[in-house]
Amino acid sequence: MRAYEIIRKKRDGHKLEEAEIRFLIEAFVQGGLPDYQMAAWLMAAFLKGLDEQETFWLTDAMRLSGDQVELKGIEGFTVDKHSTGGVGDKTSLVLGPVLAALGLRVAKLSGRGLGHTGGTIDKLESIKGFSCDLSPEAFVKAVNTIGLAIIGQTPTLVPADKKIYALRDVTATIDSIPLIAASIMSKKLAVQNKAIVLDVKVGSGAFMKTLGDARELARLMVRIGKQAGRQVAAVLSNMDEPLGRMIGNALEVREAIDTLRGKGPADLVALVKALAQEALLAENRRLTQAEAAARVDQALAGGQAWSSFVAMVRSQGGDPALVEHPERLPTARSVVPLKVDRAGWVERIECEEVGLAAMMLGAGRETKESVIDPAVGFHLNRKVGDRVEAGDVLADVHVDPARDNTRGIQRLRDAYHLSDRPVQAQPLILDIVS
Ligand code: URA
């Protein structure tokens, strides 16, 4: 088999054989296929597409490129959750403990921030001592004892995705529905959970900008998961403005803590409920939506979800006193109010711009080598639909005064668009695919 012929076949728009796709991935991971050939194939796949079967073969070949995390030692119904990436998205920090409190076993594989989007591991690492670097044995033990553990991608878990993602990132081949589906599902399927709930984000802060594209991605991922024998459901949620009010690593942990203590923002609570319901329904098909919703409310209001979160922090090396007293989490040395100079209604907040602005303050990585500042970020006082008067504070900007923050603050200002007429906020949950 020759890579040249496989590239040409895809370039000319033909369907590939399973063996051809497996050959490409194996050769690439083993170092027998140079980056330029893989990049050429990725561009051909980006332009000509991959059908569902080809995407499944690609996903499976990528999954098999490294270790499989067996969860046989875990008693109970195991579930993972994945978000396609957004701004202010701290959902996993709340959802995991909610599901664990409801008796599910959450064996979660999480990532770091990508581009303008934040990552669960970066957020959790703002709790001093917290580590997602668990051995497979420690991972299984933690899930068995407290119902919840979060690990990061290791070099031996789906190495094909790590290598391919690095190429896609520099060859303008990220935003391809089959390539995204294969990237996400190869990682999710390598951890052998029974169910997977996907949060597919739609809008200006998401990889999928339109509902049509998001539906296509969601359906494809759900079908790939089912073909692999897993139960999969996808919630399509609005990412046209940031989720919740906090953006930045420690700030998002604080908002997650507020939510687990029953004082969370309505949009975050609604999303956690929608995803938790899908996980509960995967475990027990006889449950009604109303019963599932009531169980989630109870886990949040009764404090069980909060206890699960504290237990997870302790079990993964974090200091529980830091989350019991969130004012002890990393705190910015200076908070700058971003004031509005005229009255109106918030019409739009360009979400990707907010993510990039936060990155410029130090909340995300501009380059692979950048070191994150866990304390910096935004607290948005005004969101879409809110009335503002001249002089109101749109957002509090948490900064390190030793850095030059002017461009980041200006970028946040530019992301806000005001209207002279009242504006209706958009619904958060746009669809469910299961
Ligand atoms: N997240 C991933 O893990 N992979 C992609 O390709 C896009 C988002």
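Every read-out reported here was derived from the displayed coordinates using simple, explicitly stated rules and does not represent laboratory data. Owing to the predicted nature of the structure, the values given are computational and were not obtained by experimental measurement. Glycine gets a Cβ as well: all are built from the backbone with ideal geometry, and neighbour counts include every protein chain shown.
In terms of the Cα gyration tensor, with a ≥ b ≥ c the square roots of its eigenvalues, is segment 276-408 rounded because a/c is under 1.5, prolate because a/b exceeds b/c, or oblate? It would help to have the intermediate numbers written out before the result.
Working: a/c = 2.21, a/b = 1.44, b/c = 1.54.
Oblate shape, in that a/c is at least 1.5 and b/c is the bigger or equal ratio.
Pairs to check: 123/339; 90/273; 10/188; 163/209; 72/188. Give those whose C-alpha atoms are more than 20 Å from each other in this structure.
123/339; 10/188; 163/209
Segment 228-250 to segment 1-70: how many Å between their Cα centroids?
So the separation of the two Cα centres works out to 29 Å.
Using 0.36 nm times the number of residues separating residue 47 and residue 367, minus their current alpha carbon distance, what extension gain do you get? Could you put the intermediate results ahead of the total?
Working: separation 320, 0.36 × 320 = 115.20 nm, distance 2.73 nm.
Using 0.36 nm per residue and subtracting the Cα-Cα distance, I get 112.5 nm.
Give me a comma-separated list of calculated 3J(HN,Hα) values for segment 326-336, in order, Karplus coefficients 6.51, -1.76, 1.60 applied at θ = phi - 60°, integers in Hz, x for any Gly or Pro.
Per-residue couplings from phi come out as x, 5, 8, 5, x, 10, 5, 6, 8, 10, 9 Hz.
Expressed in nm to one decimal, what extension gain is obtained for the pair residue 434 and residue 387 from 0.36 nm per residue of sequence separation less their Cα-Cα distance?
13.2 nm is the gain from fully extending residue 434 to residue 387.
So if I take the centroid of the Cα atoms in segment 420-434 and the same for segment 207-221, what is the distance between those two points in Å?
Each part reduced to its Cα centre gives a spacing of 16 Å.
Would you mind getting me the FRET efficiency between residue 298 and residue 321? Use the beta-carbon distance for r and R0 = 30 Å, nearest 0.05.
0.65
Give a residue-ordered list of calculated ³J(HN,Hα) values for segment 218-234 (Karplus: 6.51 cos²θ - 1.76 cosθ + 1.60, θ = phi - 60°; whole Hz; x for Gly, Pro).
Coupling constants for segment 218-234: 4, 4, 5, 5, 5, 5, 4, x, 5, 4, 8, x, 9, 8, 9, 9, 10 Hz.
What translational diffusion coefficient, in µm²/s and rounded to a whole number, does the Stokes-Einstein relation yield for segment 331-419 at 25 °C and a viscosity of 0.890 mPa s, taking the hydrodynamic radius as the Kirkwood radius over Cα pairs? Mind dumping the intermediate values first?
Details: Rh = 13.3 Å.
Estimated diffusion coefficient is 185 µm²/s.
Considering just Cα atoms, how many Å³ per residue does the convex hull of the chain enclose? Let's see the in-between values first.
Details: hull volume 60.0 nm³, N = 434.
Dividing the Cα hull volume of the chain by its residues yields 138 Å³.
Given labels modelled 7 Å from the Cα in the Cβ direction, how far is it in nm from residue 270 to residue 341?
Distance between label points: 3.4 nm.
For residue 287, which sequence-distant residues (separation of 5 or more, or a different chain) have an amide H within less than 5 Å of its own amide H, given hydrogens modelled in the peptide plane?
HN-HN under 5 Å from residue 287: empty list.
Along segment 386-392, what does the Karplus equation 6.51 cos²θ - 1.76 cosθ + 1.60 (θ = phi - 60°) give for ³J(HN,Hα), rounded to whole Hz, x for Gly and Pro?
Whole-Hz 3J(HN,Hα) from phi for segment 386-392: 6, 7, 10, 10, 4, x, 5.
Please report 306, 41 as a ranked list, fewest other C-beta atoms within 10 angstrom at the top and most at the bottom.
Numbers: 306 22, 41 25.
By the 10 Å Cβ count, ascending: 306, 41.
Taking the beta-carbon count within 10 Å as an exposure proxy, list 81, 9, 368 from fewest neighbours to most.
Fewest to most other Cβ atoms nearby, the residues stand as 368, 9, 81.
If contacts are Cα pairs under 8 angstrom and at least 6 residues apart, what is the relative contact order of the chain in percent?
Across the chain, relative contact order equals 19 percent.
For the chain, what proportion of DSSP beta bridges, expressed in % and rounded to the nearest 5, is antiparallel? Walk me through the numbers on the way to the answer.
Working: 23 of 45 bridges.
Given both bridge residues lie in the chain, the antiparallel proportion sits at roughly 50 percent.
Grab the beta carbon distance between residue 404 and residue 169, set R0 = 25 Å, and tell me the FRET efficiency rounded to 0.05.
0.40
Using Cα pairs closer than 8 Å and at least 6 residues apart in sequence, work out the relative contact order for segment 116-225, in percent.
It comes to 19 percent, rounded to a whole number.
If each residue of separation counts as 0.36 nm, what is the full-extension length gain between residue 209 and residue 19 once their alpha-carbon separation is subtracted?
My answer for the length gained is 65.0 nm.
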